[in-house]
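We did not get these values from a lab; they are worked out from the coordinates using the rules stated. Worth saying up front: this structure is predicted, and the values here are computed from it rather than measured. Backbone-built Cβ (ideal geometry, glycine too); neighbour counts: all protein chains shown.
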Amino acid sequence: MVQLMTRTGAMRLTPSLDSILDFWIKQSESTGPMGAMAKLMVPQIQAHPELRGPLDGQALAANAELVEALVSCVLPAGLQRFSFAALATPSSFEVHWATPRFRRELLDDQGKFRGEPFLQGMTWAYLRQLFQFLSVARQAYGRHFPFEKSVIIEQTAENGLIRYFQLRAHFDHFELRTPKKLPKISEDAWEKLSLDLDDLELWKKTVPLDEFEMYGLIVYEATDITEEMTLSAIKQELVAKDPLQDSQRFSRIQDHFRMLLGVDDLGLLVMGSRDGLLLELSPGENSNEDWRTVDLATVNQKLSPYCQASLREGRPIVIEDLQKAELCSQMMVEASQKGGRSYLMMPLFFEGKKVGVFTFTSRVAHAFNNLTPYRLQEVTPLLALAVRRTWDSFQARVESVIRERFTALHPAVEWKFRQQALEVVRTDHDLEVLGQDIVFQNVYPLFGASDVRNSTIIRNETIQQDLSLQLRLALEVLERAYSERRLTYLSSRRYRLKQWLAHLEHGLDSGDEPRIIEFLKGEIEPLFETLTKFSETVQGAVRNYREALDPRLGLVYQQRKQYEQSMTLLKERTAEILSRRQVEAQQVFPHYFELHKSDGVDHMLYVGPSIHPQGDFDPLYLRNLRLWQLETMVEIAGESRRWTREMERVLESAHLLLVQDNPLSIRFSQDEKQFNVDGAYNARYEIIKKRLDKAEVRDTGERLTQPGKIAIVYSHPREAAEYRDYIDYLQSLGQLEGPVEELEIAPLQGVVGLRALRITATM
């Protein structure tokens, strides 16, 4: 037992049962059951006078049964077995009597409190002194300063789990004994204390503790608040920044869950789901490489109907012993293989939508049960919010990475780039990793081209025509000026103009255009300001020259403008048909599609199991796309002949398709920001693509591509047989007409053995 009397600082602390003894004596004067019970107690009290006055440890021990009965006025005997209650010296934590549970869980073998006070920066000694000062201020001087009357004790068990107990004090059985004449304390001193309530040195200078005595006992009641404390701690961590990405913070969250459930080996795994992906969000010891970024549909396929239904309906899945249960998911199998016995999986919902799941595992069987999810109800909404915030943060960083590393990506392949970008962001890998290995294997290429027939020749013709007109108009100015004043320099400039005109009659050479423009701008046009002063006739010639110039370019741009307008019409309408029909084709089966405009419109398709996120591919989809592509080119070929009616400069287009039955691989090029075929073997296809526009029919010198016709280039007879079937079908619909030409293509540089089918599109 503890000593009879202690002194903390200068204040006397005297434990005593007097208040409890007086309570029973007073109750003996009343009637009723309580009075009758008190009448039986009074003789016992009178028979043991050693229980009065300062508490004697030996007397307390010798009369243990009587003391237990006396204490029933504080705590009913029927509650003592399960309650946390004790009697202690005022303002100290020296216990004189305690219930069995209080002693078992809160005190050590010496009767001292196990654990430390869970107070921000406070020690037991500090707390004792502060309590003394505040008690004197309140009871002796009537100065009420707000202070918490409860103390929280933190205990750490051998397994590392922490428990929290709230210790609340009741002061009904102690009194503050004061001197007859209270020491005076000024208002100014009280004002200073109110401003610095926790300044013990200021208290010591102001309040003379040695003038006072605490007499009696304090009743302590304790409550296990581990669950409340850990839930509060979990909430605080979850609302902080990046709770699922900060490894230290996530480790604390996991420890709090261990304390909450009393499972010292609890493993926590948090996964988010969005946009068809399941992504592990939690770092640390339970991280699993296989679950970092996976397709959600693939995961669902590996779930049993029970698991699928439970997660879909928002019900938790609890497996009390993995070794004795039917495992309904791959994650459970993996947990069991790693020694797990208990397993819990709970879906997470935010604003009515499922945003992810989290799992608990333990190597101890029956660590979780069907009641466990109810203990988590307060934090699961915050955990769902943390998952949502983490996803949003990821998505914002992923968008930034994609904008930085790539151009606009086609939706059919964007998912794979996002997966890799998401993994880079999640793991803080170097961005250089992203894009280097983005390869789609075993894809089938479908290439098509609609090129303007003789576009280079026609463009050169228009340039030649515009330059000739501008030279003639300039010559007219100099001719009229020379007729007014026969200046030798004007004659020399006329000569140069006539030379250029004669040169253009034989064709346009490379570099002619800039040299002619430089001559006109540098030597001819600067003369006009002076020449206009010669006569009105010269002024009219200069005016005609200037009116013929394009106001934006300062050049004669009539024929080229007509050519470009016609070229734009042809390319835009071709691209419009491809884009419109491409939307329809994507609905049949997702595939990569890109479109390029130059002197015509080229398009490229890739389709295969690696393009589709779920890998669900069948040759049926390839055949459908080939027929779709041919039908689309037939429409373009037929329409392009009709568009010529709207052109000031008539342009005709020729069309081709390149067929390859063998799949290849494509790799995203960081430098070019586009897909290219991958590997030396597959490079042959790319070579053919680039050289087909100049292909000729063998032994004839005839261009393979012809206006209004579609050339289908192939290598193997089976490819020709497939497309013959498509041609026959489209002929039956009236979209193709005339006989099918079977052609052999003249050897291209590095490529031999190509053949073609050629057919006319119906206008």
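Numbers at a glance
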{"quantity": "Relative counts (whole %) of C-alpha pair distances in segment 455-557, using bins that are 10 Å wide", "calculated": "15, 49, 28, 7, 1"}
{"quantity": "Cβ crowding within 10 Å averaged over residues, with 161-171, 187-197 ranked highest first", "calculated": "161-171, 187-197"}
{"quantity": "Translational diffusion of segment 37-79, µm² s⁻¹ [Kirkwood Rh, Cα pairs; Stokes-Einstein; 37 °C; 0.692 mPa s]", "calculated": "298 µm²/s"}
{"quantity": "Cβ-based charge dipole, the chain, positive-most Cα from 721, 736, 666", "calculated": "736"}
{"quantity": "The chain: calculated mean residue ellipticity at 222 nm from DSSP helix runs of at least 4, using -39500 (n - 2.57)", "calculated": "-14000 deg cm²/dmol"}
{"quantity": "With 5 Å bins from 0: P(r) over segment 520-679, alpha-carbon pairs, percent", "calculated": "1, 7, 12, 13, 12, 10, 8, 7, 6, 6, 5, 4, 3, 2, 1, 1, 0"}
{"quantity": "Translational diffusion of the chain, µm² s⁻¹ [Kirkwood Rh, Cα pairs; Stokes-Einstein; 10 °C; 1.306 mPa s]", "calculated": "44 µm²/s"}
{"quantity": "Burial order of peptide ranges 447-456, 518-527 (average beta-carbon count within 10 Å, highest first)", "calculated": "447-456, 518-527"}
{"quantity": "Antiparallel bridges, percent of DSSP beta bridges restricted to the chain (to nearest 5)", "calculated": "95 percent"}
{"quantity": "Inter-label distance, nm, simple model (7 Å from Cα along the C-beta direction), residue 349/residue 530", "calculated": "9.0 nm"}
{"quantity": "Alpha-carbon Rg with Dmax, taken over segment 228-399, Å", "calculated": "15.0, 46"}
{"quantity": "Exceeding the 23 Å Cα-Cα cut-off - candidates 324/353; 521/571; 181/204; 521/561", "calculated": "324/353; 521/571"}
{"quantity": "Cα-derived Rg to Rh of segment 171-280, Kirkwood definition", "calculated": "1.30"}
{"quantity": "For segment 318-394, fraction of C-alpha pairs farther apart than 19 Å, in %", "calculated": "42 percent"}
{"quantity": "Qualifying lysines (Cα of each under 16 Å from Cα of residue 235; at least 8 residues distant if same chain)", "calculated": "none"}
{"quantity": "Whole-Å semi-axes of the ellipsoid equivalent to segment 438-491 (Cα gyration tensor, √5λ, descending)", "calculated": "55, 13, 6"}
{"quantity": "Total formal charge among the other residues, if their Cβ is under 10 angstrom from that of residue 750, Lys/Arg +1 and Asp/Glu -1", "calculated": "+2"}
{"quantity": "Cβ-derived FRET efficiency at R0 35 Å, residue 647 paired with residue 684, nearest 0.05", "calculated": "0.40"}
{"quantity": "Cβ charges +1 (Lys, Arg) and -1 (Asp, Glu), total dipole of the chain, debye", "calculated": "1120 debye"}
{"quantity": "Interchain or long-range residues, amide H under 5 Å from residue 97's placed H", "calculated": "87"}
{"quantity": "Cα-based convex hull, segment 6-224, per residue volume (Å³, whole number)", "calculated": "143 Å³"}
{"quantity": "Among 386, 316, 100 - extreme Cα towards positive end, dipole of the chain, charges at beta-carbon", "calculated": "386"}
{"quantity": "Selection from 167, 179, 25, by position along the positive dipole direction of segment 6-224 (Cβ)", "calculated": "25"}
{"quantity": "Stretch gain in nm, segment residue 313-residue 125, where the contour uses 0.36 nm per residue and the Cα spacing is subtracted", "calculated": "62.2 nm"}
{"quantity": "Debye, to nearest 20: dipole size of segment 179-290, +1 on Lys, Arg Cβ, -1 on Asp, Glu Cβ", "calculated": "480 debye"}
